[in-house]
Structures are given as C-alpha cells and as structure tokens.
Amino acid sequence: MDFRLSEQQLELQDAARRFARGELVELARELEEKDVSVPADMVRRYGELGFLGVNLPAHYGGLGLGHLEALLVLEQFAMISNAVAFPVFEALVGPARTIERFGSDALKAAILPQVIAGEATVAVSMSEPEAGTALTDLTTRASDEGDHFLLSGTKRWTSGAGHSRYYVVYTRLSDAPGAKGIGALLVDRDWDGVSFGAREQLMGFRGIATRDIAFDNVQVPKDNSIVGAGGFAQLMSAFGLERCGNATQSLGLAAGALEQATEYVQERQAFGKPIVDFQAVQLRLAEMAMQVEAARLLIYRAAANAAHSADGLPSVLDSSLAKCFANEIVRSVTANGMQVMGGYGYHKDYGMEQRVRDGFAWGIAGGTTDVQKTNIAAALVGRRFDQRR
Ligand SMILES: Cc1cc2nc3c(=O)[nH]c(=O)nc-3n(C[C@H](O)[C@H](O)[C@H](O)COP(=O)(O)OP(=O)(O)OC[C@H]3O[C@@H](n4cnc5c(N)ncnc54)[C@H](O)[C@@H]3O)c2cc1C
C-alpha cells in the first residue's frame, strides 16, 4: 500500500490547483453574487485545458486517465466553490458518464466530444415531485411510437436545468411496475415540448441552477435511448462514481474551509496574540484536519479500488462510505471554520458562510446520508433491505 500520488497525478493536481486559484476565485464570487452558472466561454476553456475529459476515453478527446485523477481535479475546483466545480462534476462523474457507460456508439460519438470540449453539458433528471428517495415511484412515461418515444412527465430538482443542453431522463419505458419499467433517455433542451420552471431559491447552490422540467409529448428519437426498461439496477450500479464525485464536492469545500481557517487563526489577534495560540482554537483546527484527511482517504480508496474492479467503477460500499462520511464532515468542518472566524465567518464577504450553506446540500443530493447508511448496512450483511415491505 502506497499513499503517495504518482508524479503524473501530482502534476495534474497542481495544474488544476493553479488554474482554479488563478482564474476561478473572482468568477466564483460573481456566480455567488449573481446566481448565474459558469459562462459558456469559461466551460469551453475548462475543455481546452483537458479538465472535462480527464477520465473519459481518448478517442472522444478525453485524457483516458483514471477516476482518481478525475477526483483530484474536481477537488481543486471545489476548494474554490461548488458552482465553478459543477461542469467538471457533470462531465467526469455525473450524467455524461451514464452515456459513456450505457449509450450506443453513435450516441457516445455525438455527445461525448461536445462534453469534453466544453461545448455542451449534460444534467440528470431522476427526481420528481412524488419520487425522491423512493425513486422507483417515478411516473414520467415514454411510450414507444415505433421510430420514436413520446415522453411526458415532470422532473424536480434537476441541477443545471435550463443551463445544460442535454438531460439524462429517468423514465418509465414499459408498464412493468416499480424498478422493472424504468430506463433512461437522452433529451435535448431545444426540442418541442420541453419547458423549464422558475429557478428555485435554495439555501446554497447559487451558481447551479435548479428547476423543474416539464416534458409534454416530447418526441425522442430511438437513437437517444440510453438504457431500456428494466435497466434501473444497471443505472444504479454505475452510480458509485457519482457518489464519489458528490463526496469530492463535499471534500473540496471542507478542505477549502480548513485552509482558510488555518490562515485566519494565525493572522487574527485577540488578547495580544494570534488566536491559534488558544487551545480551544487549536482543538477545532485539529478536528477539522482529522475529518478532512479521513474523508479524503475514503474517497481516494474508493477510486483506487475501482481500477481493480470488474466494471472499473467504485463499489456501492466504498462509495457510500465515502459519500456519507464526506457529507457529514463537511457540515461540521465548515461550521467549525465559521466559528473560529467569529463574526467574519458569518459575514458574506469572507466566503465561509457560503461553504456552510453549500456544504449542507450534498448530504441530500444524490441520495440522503440516511439512505447511504442503509446501503452500507446492506453491504455489510450481504442483502438489500426492502423499504416497501
Ligand atoms: C441541492 C440539490 C441538488 C439536487 N440535484 C438533483 C439532480 O441534479 N437531479 C435529480 O434528479 N435530483 C436532484 N436532487 C434531488 C435529490 O436527489 C432528492 O432531494 C433526494 O433524493 C431526496 O429526495 P426528497 O427530497 O424527495 O426527500 P424524501 O425522499 O421525501 O426524504 C425525506 C427524508 O426522509 C428520509 N427517508 C425517506 N425514505 C427513507 C428510507 N427508506 N429510510 C430512511 N430514511 C428515509 C430521507 O433520508 C430524508 O431525510 C437534488 C437535491 C438537492 C437538495
């Protein structure tokens, strides 16, 4: 076992760090202030620099590296903000991966080069007003009309809605009940019958648009089928990488909070000395560091183990442990960061309160922490717990 990153991994991490710190700090402030998404020309710049193709195949324009490399890059972006990291998340660990894994060669060839170049982003629309944790209750329906599907239904909570060009839409594709009837289609924002609700006002996640999406008899070509009816388990089995990405968004925030707090407590004076000289402050800093390091190890382990697994993806157990832990610690690390910064921690100009607000979301998005714990227990005892019986 060797915990050191390779030369190549360190170089990539350093390139991402230099870019994120050099070019994204001001942008992150602007996205937060105006609640707008990363502008198209900057997403293209991410693409030109290779950040949107780290672990995507070279023949589509990616770098063809591993998932650990992808997460190293994502972490550096997320240290600046979740919003500037979001296009990287979507390309490297999110819905673009679903296309890469399950789409036809033609679909991959049509979409992935655009994603890698930063020409288009892909979002995922799973949740519905009446289907969140109980995702298999979803009612969006696509009927088979011979040469195309007709898609109707309403999705809730899609991150990137309106901003993203493409949507991986989980939908019923047959009359089979529950998971058995569910598959996924790829939908283009510009097609007739696709419309978006108002931008939701969330506690955090400014700079990442969240909206409902309504599909009203949208004609979806057969070529845009990603997974057919009965493919729900397949879609979920590939979700381990998304969980690791979600965990890495949490880790980046927490690591950024630790870095900021460490600098602050050495500069800020009270009673004639830097506040880091007070033991209570030292304890908080140490707690933060312990939690950040432990989360990082769980995430890196999940990604490193994936390289040795049959499907090349992080396992349910590894990724759930990493996600759940990182989702929980980001809440306490950022809260500790806010506490040691006193009134400045609570002030919008200093960034720490944003980390607190953004950090809370990750333990809800992509499956709540309580449900992750159910996955963890299921993996430990070797059987799934049926939530409906
Ligand atoms: C910031 C943000 C971004 C999101 N982005 C996306 C996105 O891009 N695409 C998308 O499709 N969705 C997205 N979501 C939706 C997200 O996946 C759901 O919010 C999440 O799955 C929970 O569903 P719910 O909100 O309906 O809560 P519910 O399912 O109603 O759950 C409410 C509470 O009940 C608990 N609970 C429910 N069932 C169980 C159970 N069986 N065992 C134990 N506890 C249980 C939950 O843990 C939770 O605490 C996003 C959500 C947020 C907040």
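Brief remarks follow.
- Principal axis box of the range 239-381, alpha-carbon based, largest edge first, Å: 59, 24, 23
- Relative pair counts by distance (%), Cα atoms of the chain, 10 Å bins: 5, 23, 33, 25, 10, 3, 1, 0
- In degrees, nearest ten, helix 7-23 long axis to first principal axis of the chain (Cα): 80 degrees
- The angle between the Cα long axis of helix 25-34 and the longest principal axis of the Cα atoms of the chain comes to about 60 degrees, rounded to the nearest 10.
- Normalising the average separation of contacting C-alpha pairs (under 8 angstrom, six or more residues apart) by the number of residues puts the relative contact order of the chain at 15 percent.
- Residue pairs, from the table Lys180/Lys222; Lys155/Lys180; Lys108/Lys222; Lys108/Lys155; Lys273/Lys348, whose Cα atoms sit over 21 Å apart: Lys108/Lys155; Lys273/Lys348
- Neighbour-count order for Arg172, Arg141, Arg389, Arg383, fewest beta carbons within 10 angstrom listed first: Arg389, Arg383, Arg141, Arg172
- The lysines whose alpha-carbon is closer than 21 Å to the alpha-carbon of Lys323, local same-chain residues fewer than 8 away aside, are Lys373.
- Simple Cβ-charge dipole of the range 123-230, Lys/Arg +1 and Asp/Glu -1, about Cα centre, in debye nearest 20: 440 debye
- Here the range 311-354 is assigned +1 on the Cβ of each Lys and Arg and -1 on the Cβ of each Asp and Glu. Its dipole about the Cα centre then comes out at about 140 debye.
- For the range 121-130, Karplus couplings with θ = phi - 60° (6.51, -1.76, 1.60), whole Hz, Gly/Pro x: 10, 10, 10, 10, 10, 10, 5, 9, x, 10
- Check: the chain dipole with +1 on Lys, Arg Cβ and -1 on Asp, Glu Cβ, in debye: 840 debye
- Nearest-ten-degree value, helix 82-92 long axis tilted from longest Cα axis of the chain: 40 degrees
- Between Ala286 and Glu26, residue separation times 0.36 nm minus the direct Cα-Cα distance comes to 90.7 nm.
- Most mobile of Ser127, Ser164, Ser195 in a GNM of the chain (Cα contacts under 10 Å): Ser195
- Residue-averaged [θ]222 nm for the chain, counting only DSSP H segments that reach four residues, each worth -39500 (n - 2.57): -16000 deg cm²/dmol
Every number in this text was worked out from the coordinates using simple rules, so none of it is lab data. Just so you know, these numbers come straight off a predicted model, no measurement behind them. FYI the Cβ positions are ideal-geometry reconstructions off the backbone, even for glycines, and counts take in every protein chain you see.
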